[in-house]
Amino acid sequence: GSMSVQALDRVTGLPVTSFSLSGGASLASFSSLYGGLVIAENKMYVGLGNMVYRYNINGSYDSQQFMTQVNVEGVLFNGRDMCVHNNANSRSIYCWQIFSHFTFDVMHPWEASLYLNNS
């Protein structure tokens, strides 16, 4: 089995493309994803069960994974650290540094002006 990813336009929210994840997790046993997705630096981190699998932006598995303390049902990403929790009532989160730098720190002035002028 495979899991399909639908990419949306960040401005309009309309579908742009879709692709399937290949390799890594036993995707056939998962019918849905509970907020366990982080995309940054041309990588996708997919939380399924108590594992996080890293994929290339085209959906191919790149052989990197790590185990979490809980089943991943929600994710927080601050640009460097990926944090997970296992349900909406949980007061515990578990975090892993997945990048050596904050990926949100770099914004070109023209991007900032486009964002500010369109808000």
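FYI, it's all coordinate maths here, none of it is from the lab. Just so we're clear, the structure is a prediction, and the values are computed from it rather than from any experiment. Note that each Cβ is placed from the backbone with ideal geometry, even for glycine, and that neighbours are counted across all protein chains shown.
Through the Karplus equation 6.51 cos²θ - 1.76 cosθ + 1.60, θ set to phi - 60°, convert the phi angles of region 46-54 into ³J(HN,Hα) values in whole Hz; use x for Gly and Pro.
10, x, 9, x, 9, 10, 10, 10, 9
Phe99 to Ser20: FRET efficiency via 1/(1 + (r/R0)^6), r the Cβ-Cβ distance, R0 25 Å, to the nearest 0.05?
0.50
So, in nm, how far is label Leu76 from label Asn56 when the simple model puts each one 7 Å beyond its Cα toward the Cβ?
3.3 nm
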